[in-house]
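A quick write-up on the structure given underneath.
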Amino acid sequence: MSIAKTTAMVVGGTPFVNLIPPSETARRQSARLLRRWILALVAVILVVAAATAGAFWLQLTAAQRFAVESLRTQTLLTQMADLSDVQGQLDLQSELTAFRSDAMATDMRYGGLVNAIGGVLPGGSVIAGFSIAPGGMLQGDDPAIEVGAAGTVTVASPAPQLVVPIVRNVRALPGVLEADGWEVEATESGYEYELRVVFDQSVYTGAYNEEATE
């Protein structure tokens, strides 16, 4: 049977006597240490739980956002599919516009050319016929130096000497590059002159150019 040791100390007051056995002191220390380990373990568990909950929340948020974006993508794809017919019509319109611009690049007003020539003929001379065809497509930046329409114009005149002023007047017309007397033929009413005329590309209307239709 152990006998508790007592220690008496006097420090300016009532002496203190420790009656707790060493085994009880050791048990209490062990209990305190165990409580500390339990608290530390609980803190680790709480930290892990918080981290797990945070990761789960982030994953759930990302999944929701992905679902929203996927739905938006599907909506856009559906709208694009609905507009495919419209896009097809727009593409067809662009192709037809380009085709028309190429096909009608040499469009011109024949009446305007013929009337211009008729307006400079000497008195008594009239246009009896014409054959004018468009030339090449528009090229270069200056249409006034590019060859455009060309053909012949038949002029009926009462006197043969009028061919010289007729050719001179036609050459002076805007848009005319060349004009020459090609053939003279006597008729019952006088003479017919066949003139060869070459116009530049300024006589083209340009009404069907892509720039004009935009």
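List of remarks:
- Protection proxy ranking of 176-184, 69-77 - average other beta-carbon atoms within 10 Å, highest first: 176-184, 69-77
- Amide H contacts of Ala128 (H built 1.01 Å from N, under 5 Å, at least 5 apart or other chain): Thr154, Val155, Ala156
- Under a 5 Å amide H cut-off, with hydrogens placed 1.01 Å from N, Asp107 pairs with Thr205, Gly206 among residues at least 5 apart or on other chains.
- Virtual spin-label span in nm between Glu24 and Ala40, 7 Å along Cα→Cβ: 2.8
- In this rough spin-label picture, where each label sits 7 Å from Cα along the Cβ direction, the Met80-Val184 distance is 7.5 nm.
- Stretchable slack from Ser202 to Leu90, in nm (0.36 nm times residue separation minus alpha-carbon distance): 37.2 nm
- Extending 7 Å from the Cα toward the beta-carbon at both Gln59 and Asp141 defines two label points whose distance is 6.8 nm.
All of the numbers you see were taken from the coordinates with simple rules; none came from a lab. In this text, all values refer to a predicted model and were calculated from it rather than measured experimentally. Note that each Cβ is placed from the backbone with ideal geometry, even for glycine, and that neighbours are counted across all protein chains shown.
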